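The values are calculated or read from the model by the stated rules, or taken from the named source; none is laboratory data. Source: prediction; values computed, not measured. As a convention, Cβ positions derive from the backbone with ideal geometry for all residues, glycine included, and neighbour counts pool all protein chains shown.
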Amino acid sequence: MQPSRQYKESTLQLRLSNQQKEALSLASKLRQVSLSQFVLENAYTAAQEIIGDQNHFVLPKDQWNQFCEALDAPPKKIKSLQRLLNEDSV
């Protein structure tokens, strides 16, 4: 994988143990990329997955149908919640 040559506008500093740094350094050497590039690529991939999990998810068909039914169902009336929302606030 070719290291990116484009100009980077920001920096990120990390504090880590010697053991963590050694593991990251070894992994970056095995991938034949710089330590910075290795950390950036893997952190960015993890961030994209976490963000994606908030926007897109997959369910088996039966669970998807249950999910859609729950979304389409009328809201439940919860008396204590209605009372709380209709009371004057502090």
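Structure data summary
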read-out	value
Scan of the stretch 68-90 for residues that are within 35 Å of the chain's Cα centre (by Cα) and either part of a helix (DSSP H, G or I) or among the β-branched types (Val, Ile, Thr) (or both), ordered by number	Cys68, Glu69, Ala70, Leu71, Asp72, Ile78, Ser80, Leu81, Gln82, Leu84, Leu85
Residues (of a type outside the set (A, V, I, L, M, F, W, C) and either within 19 Å of Gln13 (Cα to Cα) or free of Cβ contacts under 8 Å to residues at least 24 places away in the same chain (or both)) located in the stretch 24-42	Ser25, Ser28, Lys29, Ser34, Ser36, Gln37, Glu41, Asn42
Among the candidates Val90, Val33, Val58, residue that is out of contact with any Cys (no Cβ under 7 Å at 6 or more places or on another chain), surrounded by 11 or more Cβ atoms within 10 Å (Cβ to Cβ) and not aromatic (Phe, Trp, Tyr)	Val33
Condition met for Leu16 (assigned to a loop (DSSP other than H, G, I, E, B) and surrounded by 10 or more Cβ atoms within 10 Å (Cβ to Cβ))	yes
So Lys8, is it of a type in the set (Lys, Arg) and not in a loop (DSSP other than H, G, I, E, B)	no
Number of positions in the stretch 36-55 that are surrounded by fewer than 11 Cβ atoms within 10 Å (Cβ to Cβ) and either of a type in the set (A, V, I, L, M, F, W, C) or at pLDDT 95 or above (or both)	6
One residue from Glu69, Glu49 being closer than 30 Å to Arg31 by Cβ and either in contact with a strand residue (DSSP E or B) (Cβ under 8 Å, 6 or more places away or on another chain) or of a type in the set (Asp, Glu) (or both)	Glu49
